[in-house]
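Written below as structure tokens is the structure these notes are about.
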Amino acid sequence: MLNAQTEPDTVKPKQPDTVNPKVPDTMLRSNSTVSEISAKYQQKEMPKPLTLEKVFPVIGNYVSASDPSVVNIRLDETSKSWIIVSGLPQGNIKAMLMRSPAVYKIPAQKSESGTDIPEGTLIFTPDVNALHICIGKPFEFANPGIVFEQTTTPEKPANKKDKKPEAWTYSGSKQDVMTTARQ
């Protein structure tokens, strides 16, 4: 021990017998199995978090080449499987998710003004950011896209009074919304 009465030259620090007595000698040697396993596995980058736009790609604003008005699609606040489409001539309509990510059935409903809106189909194609809406043809569960195909039907005699209204269609492309951070 070193204190004020002893001289520093007489006290020698104790040298350890081994380099690290707590770690066994076998651990200090290189372990080939551990290095082989470590070489095979590399740490991967964490995936980006899912955003609402990735889960529901149909959400957004759409513009048609033939119609300058903007169609807006947003999630219903009460149920995530329903969307609200606004900006159509029929008024605000609701659509129900049938197939993920973007095939929706438009059930028959009444608009806010009280007019009847027939059943229809809404399909969003994420690859090309295209929205297709057809109102007036029933939803086809087996092949929802068939309602958008142009089919020729033979003309019926004009004396029939039971005439169905023609289907209304809309095709538009998604607007890219640029967001900038305020500084």
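When you look at ALA95, is it surrounded by fewer than 15 Cβ atoms within 10 Å (Cβ to Cβ), without any contact (Cβ under 8 Å) to a residue 60 or more places away in the chain and aliphatic (A, V, I, L, M), yes or no?
Numbers: surrounded by fewer than 15 Cβ atoms within 10 Å (Cβ to Cβ): no; without any contact (Cβ under 8 Å) to a residue 60 or more places away in the chain: yes; aliphatic (A, V, I, L, M): yes.
No.
Here is a list: VAL63, VAL70, VAL58. Which entry is under 23 Å from ILE146 (Cβ atoms) and in contact (Cβ under 8 Å) with a residue 12 or more places away in the chain? Write out each step before concluding.
Values: VAL63 fails: under 23 Å from ILE146 (Cβ atoms); VAL70 fails: under 23 Å from ILE146 (Cβ atoms).
Unique residue meeting the criteria: VAL58.
With the requirement that a residue be among the basic types (Lys, Arg) and closer than 15 Å to ASP76 by Cα, what does segment 87-101 give you? Break it down stepwise before answering.
Residues of segment 87-101 that are among the basic types (Lys, Arg), as a first pass: 94, 99.
The one that is among the basic types (Lys, Arg) and closer than 15 Å to ASP76 by Cα: LYS94.
State which residue is surrounded by the most Cβ atoms within 10 Å (Cβ to Cβ) when the search covers only segment 45-78 and only residues that are more than 23 Å from SER113 (Cα to Cα) and among the small types (Gly, Ala, Ser).
GLY60
Of all residues being part of a loop (DSSP other than H, G, I, E, B) and of a type outside the set (D, E, K, R) in segment 114-132, which is modelled with the highest pLDDT? Just the residue, please. Steps first, please.
So the first thing to find is which residues in segment 114-132 are part of a loop (DSSP other than H, G, I, E, B), and the list is 114-115, 118-119, 126-129.
Add one more test, that the residue is of a type outside the set (D, E, K, R), and what stays is 114-115, 118, 126, 128-129.
Numbers: GLY114: 88, THR115: 89, PRO118: 94, PRO126: 89, VAL128: 91, ASN129: 91.
Across segment 114-132, the extreme among qualifying residues is PRO118.
Restricting segment 110-126 to residues that are farther than 19 Å from GLU149 by Cβ and free of Cβ contacts under 8 Å to residues at least 40 places away in the same chain, which is surrounded by the most Cβ atoms within 10 Å (Cβ to Cβ)? Steps first, please.
As a first pass, look at segment 110-126 and keep what is farther than 19 Å from GLU149 by Cβ: 110-117, 126.
Filter again for free of Cβ contacts under 8 Å to residues at least 40 places away in the same chain, leaving 110-117.
Numbers: LYS110: 10, SER111: 14, GLU112: 9, SER113: 7, GLY114: 7, THR115: 10, ASP116: 10, ILE117: 20.
Among those that are farther than 19 Å from GLU149 by Cβ and free of Cβ contacts under 8 Å to residues at least 40 places away in the same chain, it is ILE117.
The values are calculated or read from the model by the stated rules, or taken from the named source; none is laboratory data. In this text, all values refer to a predicted model and were calculated from it rather than measured experimentally. Reconstructed Cβ throughout: ideal geometry from the backbone, glycine too, with neighbour counts over all protein chains shown.
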